[in-house]
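**Student:** I have a structure here, written as structure tokens, and I will follow up with some questions on it.
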Amino acid sequence: MAEEKLRFETEVSRLLHIVANSLYSQKEIFLRELISNASDACDRLRYEALTDPKLLGDDTEFRVLVSVDKKARMLEISDNGIGMNRTSLISDLGTIARSGTSAYLEEHGQGDDADLNTIGQFGVGFYSAFMVADEVEVISQRAGDEQAWRWLSDGTGEFTIAEGNRDGRGTTIRLKMRKTDEEYLDNSRLRQIIKTYSDHIALPIVMTGDDGEETVNEASALWTRQKKNVTKEQYTEFYRHVGGFDEPWLTVHWHVEGKLEYRNLLYVPSAKPFDLFDPSRKHGVRLYVKRVFITDDAENLVPAWLRFLRGVVDSEDLPLNVSREILQDNPTIARMRSTIVKRVLSEFRKKAEKKADEYKLFWDNFGPVIKEGLYEDFENRDAIQKIVRFYSTTGNDDLVSLDDYVGRMKKGQDAIYYISGEELDAVRRSPQLEGFAAKGIEVLLLTDAVDEFWIPAVGIYEGKPFKSATRAGADLDKIETDIEEDSVKDEDNSPEKGKVDALIAMFKLTLNDEVKDVRVSERLTDSAVCLVSDEGDMDLRVERMLKQQNQLQQSFKRILEINPRHALITALAQSVGKEGAGEKVEEAARLLLDQARIIEGEQIPDPTAFSRRLNTVMASALPVE
Ligand code: ADP
């Protein structure tokens, strides 16, 4: 087959442009990326050879070779792993597989300001070779094939593919170093880079030089080493190998012995992965059996609500030839998973209780994902309830736990109050919170979409039901307060009850079609009106959220609460029965309902009518000659 010229996917070209022009300070990581790929390729072949040993032939010792030809300015990295055939060379090295990357590049990859540090999270991987090389040549032969293929590119939009020659299966990457990057042709520099970044790689990395061959790394799987023999840097480098791009927020390394034996080395990232809520996102925990890589797709090994975990689980009990399908409902996997979840939860709890600041970082990133566990994972619900944290009306910027909340509940308070919405600041300003604030009753502020799912699923904590502050029947009157009653209700301001009742009756008549009821509010102190949902009806904000997502057509009528202590309401109540008051009260009722809608962040159904009414009121209030 003759040489063929092909174009990279647009996104790849864009990525290559960023990579080639980046002033990234750590160019040397290109070597780590290529060695990491080589090691993965060996892992994959080792697994396939379990069922098809002839794929290995006589070449049974996996290794990565690194060698330099200074005169030719050439650095070569060669593995005897699974290799790539023509199709995989084109697709694996010409497209970006990771979901979300394209969208990100679409948004950020246009200008020169695109930054490799942020883009690093998409795994620049193989393409990082173009940070240091003018030209990259890949010669690869897929295990089991007879034919090798040669891929060549200068990283500017095109690559060629042709038949090639290779001595057996595997992949050789040849980098023609840029003049400015000749330091990577120096053996001692290379040795140092490999030691720094790739020491944890479990197969030998062999440098061939004038003095013959030398294995540069320790070549034992990092997770099998004892904790005390692993440095923080080594842990971090291994984290990079399993796809981490930031610093790990938490590293947990432990060995389970007993009925089952397995080793775990797990990481929690310190930054939020861009695709955390991508439905196709999977966890990043790789399954090994007795040091042999099996899959990075063992779905049941880690629950979805811990999908931000990365690392390795290495089992001594699973059979080596375990098929990926069998893993689906394998009891050993299920037991390992259960232990892993418990251990990770206990680590979270320790942090939450001892290092609240650090925990806050974690919680801001992953809190919404953890909360999925509250309704998905019945077995661990109690433990999850101990590590969930909330912003609240009392906590300012500090997070509070459910136990904090319950410990601060007032006498007579029998519910855990919460209010939900999209943005913390807007939620804090909700008029429905006024009465709670006046009585010093704490309210949890919920701003994650997932809150609308776990709250009804969980229902109660320590015998106390969760209750929305935007719902009728808050029973604030029954709750004792340590705040001076005077500041709560200024009875002198309130008009007679009869007049308020009459006002309410008129409001009801006017707004009959639009609201379910009009009531005196216990929860308002400063605002004149607010909307609440009736007990048993859907929460105001849940309804809005579902509508935004087109998941709900139906609308629920709301209750309009009015504050009899508010000056405007007082004046309106006083006017009831006086001549000409009827029409004014009607107009006021409509205006106030629209006002309550606006405060709630809802659309008003007839903005023109609203404006006309408002203008009339303003005009009548102007001084006349
Ligand atoms: P990643 O390794 O994160 O998937 P890369 O861009 O580094 O991304 O590599 C893309 C793909 O190319 C890999 O997933 C793998 O399928 C293939 N690949 C890269 N290097 C090798 C290699 N040395 N041997 C076999 N396949 C490789």
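The values are calculated or read from the model by the stated rules, or taken from the named source; none is laboratory data. Bear in mind the structure is a predicted one, so any value in this text is a computation, not a measurement. Note: ideal-geometry Cβ built from the backbone for every residue, glycine included; neighbour counts use all protein chains shown. The accessibility values were calculated without ligands, DNA or RNA, using every heavy atom of the protein model including side chains. Shrake-Rupley method; radii C 1.70, N 1.55, O 1.52, S 1.80 Å.
**Student:** Just subtract the alpha-carbon distance of GLU261 and ALA334 from 0.36 nm times their residue separation and send over the number in nm, one decimal.
**Tutor:** Using 0.36 nm per residue and subtracting the Cα-Cα distance, I get 24.9 nm.
**Student:** Then there is this: Report the Rg/Rh value for segment 559-623, based on alpha-carbon coordinates and the Kirkwood definition of Rh.
**Tutor:** 0.97
**Student:** Sticking with the crude label model, points 7 Å out along Cα→Cβ, report the distance from THR156 to GLU514 in nm, one decimal please.
**Tutor:** Those two pseudo-labels are separated by 6.6 nm.
**Student:** Would you list, by chain and number, the lysines whose Cα falls below 29 Å from the Cα of LYS355, excluding same-chain residues fewer than 8 positions away?
**Tutor:** Output for LYS355: LYS227, LYS228, LYS232, LYS272, LYS282, LYS342, LYS371, LYS386, LYS410, LYS464.
**Student:** Given labels modelled 7 Å from the Cα in the Cβ direction, how far is it in nm from LYS5 to ASP357?
**Tutor:** Between LYS5 and ASP357, the label points sit 5.9 nm apart.
**Student:** Between GLN226 and ASP92, take the C-beta separation as r, use R0 = 35 Å, and let me know the FRET efficiency to the nearest 0.05.
**Tutor:** 0.45
**Student:** Probe of 1.4 angstrom, ligands and nucleic acids ignored: what's the accessible area per residue over segment 165-288, in square angstrom?
**Tutor:** Normalised by residue count, the accessible surface of segment 165-288 is 46 Å².
**Student:** Additional query: Assuming R0 = 22 Å, what is the FRET efficiency of GLU316 and ASP59, from their Cβ-Cβ distance, to the nearest 0.05?
**Tutor:** Given R0 = 22 Å and the Cβ-Cβ separation, E is 0.20.
**Student:** Are there DSSP H segments in the chain that both extend 18 Å or more along their axis (alpha-carbon positions) and score a mean Kyte-Doolittle hydropathy of at least -1.0? List them, or say none.
**Tutor:** In the chain, the long hydrophobic H runs are 29-51, 331-354, 356-376, 497-511, 581-599, 607-621.
**Student:** Shifting gears a bit: Run the dipole for the chain about the Cα centre, Lys and Arg Cβ at +1, Asp and Glu Cβ at -1, nothing else charged, and hand back the magnitude in debye, nearest 20.
**Tutor:** Using only the charged Cβ atoms, the result is roughly 940 debye.
**Student:** In addition: If I model segment 497-625 as equal point scatterers sitting on the Cα atoms and use the Debye formula, what is log10 I(q)/I(0) at q = 0.12 Å⁻¹?
**Tutor:** Normalising to I(0) and taking log10 leaves -0.49.
**Student:** Okay, next question. At R0 = 51 Å, how high is the FRET efficiency between GLN574 and ASP534 if r is their beta carbon distance? Nearest 0.05 is fine.
**Tutor:** Computed FRET efficiency for GLN574 and ASP534: 0.95.
**Student:** Then there's this: With a 1.4 Å probe and all protein chains left in place, how much of the accessible area of the chain comes from carbon and sulfur atoms, in whole percent?
**Tutor:** On the chain, the fraction of accessible area on carbon and sulfur atoms equals 47 percent.
**Student:** Provide the three semi-axes, in whole Å and in decreasing order, of the ellipsoid equivalent to segment 341-472 as defined by the square roots of 5 times the Cα gyration tensor eigenvalues.
**Tutor:** After diagonalising the Cα gyration tensor, the semi-axes are 23, 16, 15 Å.
**Student:** Additional query: Let me understand the chain better: what is its radius of gyration from the alpha carbons, and its Dmax, in angstrom?
**Tutor:** 32.6, 109
**Student:** Need the full-extension length gain, ARG291 to ALA271, defined as separation in residues times 0.36 nm minus the C-alpha distance. One decimal, nm.
**Tutor:** Length gained, ARG291 through ALA271: 4.3 nm.
**Student:** Specify the inter-centroid distance of segment 1-78 and segment 387-419, based on alpha-carbon positions, in whole Å.
**Tutor:** That distance is 53 Å.
**Student:** THR510 accessible area, nearest 10 Å², 1.4 Å probe?
**Tutor:** 20
**Student:** While we're looking at this one, here's another question. Cα atoms only, segment 171-271: Rg and Dmax in Å?
**Tutor:** Values for segment 171-271 (Cα only, Rg and Dmax): 16.6, 58 Å.
**Student:** ASN550 versus GLU325, label points 7 Å from Cα toward the beta carbon: distance in nm?
**Tutor:** 3.7
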